[in-house]
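Read-outs throughout are calculated quantities, based only on the coordinates presented, and are distinct from any laboratory measurement. Please read these numbers as outputs of a predicted model, since none were measured by experiment. Cβ placement follows ideal geometry from the backbone for every residue including glycine, while neighbour counts extend to all protein chains displayed.
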Amino acid sequence: MASKPLKMAPTRRSGKFPPREWRELADKISTAVAILQWELGNMWGHVSARTPDGRHFLLRHLRPPANRDIPADDVLVYDLKGNLISGRRDQPDEIFFYLCPYQARPDIGAVVHCHPAMVLALAAVGRKIVPFHQRMAKFGSEVPVLPWLYGYWRKHGEMVARVLKKNRSVIIRGHGAVVVGETIEEACMNMVELERSAKVILLASALGDIKALPPAVLKKFQTVVGSRWKDDTDQAKSRSLVEWMEWHYYESLVKRGERWSRL
Ligand SMILES: [Zn+2]
């Protein structure tokens, strides 16, 4: 459960403790892990976020460390060449699902990979995730689906990164999904939204065909949503304002140790 401020270990290279911004980012990663563990109902995947200097990224598994001597909130820190800078726990097999998107797109601030069950169910039968409600506009006309890949190999990570150049999410058949965002708040909420949308499609498809909203309607919604919300933060000017607001709702529950009803 998240989360008190983290005591990150000294970096392996410099021996110095990491900057405050990294610890704040690690705290957000703990919150994202708690949201996704509960929302997706499993422990498979990782949450990562680029550091403010743009030259590193922090990564944490959803699952606890196999070694019980290592704290559950231990965070791995990598540079953009894939070198491990800090962190004690086991490294993920699927590092190229993170490294390749960060290398390909400097505007990506966070990458999340999980194994959302309903998304996988739709992919298994070739059913597309289309924007049937207004909040799905960010996913485009349909969420792209790739054949089975595993981020252990650079080539597989590059295939994911190629699709993510123009998309916020990609589904990997027989494995899971990778989503990105400008911020960790946005990437986390994109994963939540993707799985919830898949659940609704599964429910509705028992009753009939799913009809996507017309592109013009989605565009109209996107141009006005949140335009009358006022906030003092820079995030208020960002296109991920809605995800940021959603994040604060779930973060407040996580910080109080509460959970919510899942769809
Ligand atoms: Zn995976």
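If only one of HIS46, HIS56 is surrounded by 14 or more Cβ atoms within 10 Å (Cβ to Cβ) and touching a His at 6+ places or on another chain (Cβ under 6 Å), which one is it?
None of the other options fit; the residue is HIS46.
Within region 169-201, how many residues turn out to be within 13 Å of the ligand (Cβ to nearest atom) and of a type outside the set (A, V, I, L, M)?
4
Can you give me the number of residues within region 85-104 that are within 24 Å of ARG162 (Cα to Cα) and either touching a strand residue (DSSP E or B) at 6+ places or on another chain (Cβ under 6 Å) or buried (at least 20 other Cβ atoms within 10 Å of the Cβ) (or both)?
10
How about region 55-64: which of its residues are away from the ligand (no atom under 16 Å from the Cβ) and closer than 19 Å to PRO19 by Cβ?
ARG55, HIS56, PHE57, LEU58
Between residues in region 39-51 that are aromatic (Phe, Trp, Tyr) and residues that are part of a strand (DSSP E or B) and more than 12 Å from the ligand (Cβ to nearest atom), which pairs lie under 9 Å by C-beta distance while being six or more apart or on different chains?
Final answer for the pair search is none.
Which ones in region 60-114 are touching a Pro at 6+ places or on another chain (Cβ under 9 Å) and of a type in the set (Lys, Arg)?
Those that are touching a Pro at 6+ places or on another chain (Cβ under 9 Å) and of a type in the set (Lys, Arg): ARG88, ARG89.
Which residues, taken from region 65-98, are over 14 Å from the mean Cα position of the chain (by Cα), within 16 Å of the ligand (Cβ to nearest atom) and over 17 Å from MET43 (Cβ atoms)?
Correct list: ILE95, PHE96.
Residue-wise test of (1) free of Cβ contacts under 8 Å to residues at least 12 places away in the same chain; (2) in a loop (DSSP other than H, G, I, E, B); (3) surrounded by 15 or more Cβ atoms within 10 Å (Cβ to Cβ); (4) out of contact with any strand residue (DSSP E or B) (no Cβ under 8 Å at 6 or more places or on another chain).
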site	(1), (2), (3), (4)
ASN167	no, yes, yes, yes
ILE171	no, no, yes, no
VAL180	no, no, yes, no
ARG196	no, no, yes, yes
LEU203	yes, no, no, yes
ALA206	yes, yes, no, yes
ASP209	yes, yes, no, yes
ALA212	no, yes, yes, yes
ALA216	yes, no, no, yes
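Answer yes or no: is there a residue in region 108-131 that is more than 18 Å from the chain's Cα centre (by Cα), of a type outside the set (Lys, Arg), within 16 Å of the ligand (Cβ to nearest atom) and surrounded by 15 or more Cβ atoms within 10 Å (Cβ to Cβ).
Yes, because at least one residue in region 108-131 is more than 18 Å from the chain's Cα centre (by Cα), of a type outside the set (Lys, Arg), within 16 Å of the ligand (Cβ to nearest atom) and surrounded by 15 or more Cβ atoms within 10 Å (Cβ to Cβ).
What are the residue pairs meeting all of these: first residue in region 87-107, first residue touching a residue at least 24 places away in the same chain (Cβ under 8 Å), second residue within 14 Å of the ligand (Cβ to nearest atom) and hydroxyl-bearing (Ser, Thr, Tyr), Cβ atoms under 6 Å, and 6 or more apart or on different chains?
ASP93/TYR152; TYR98/SER48
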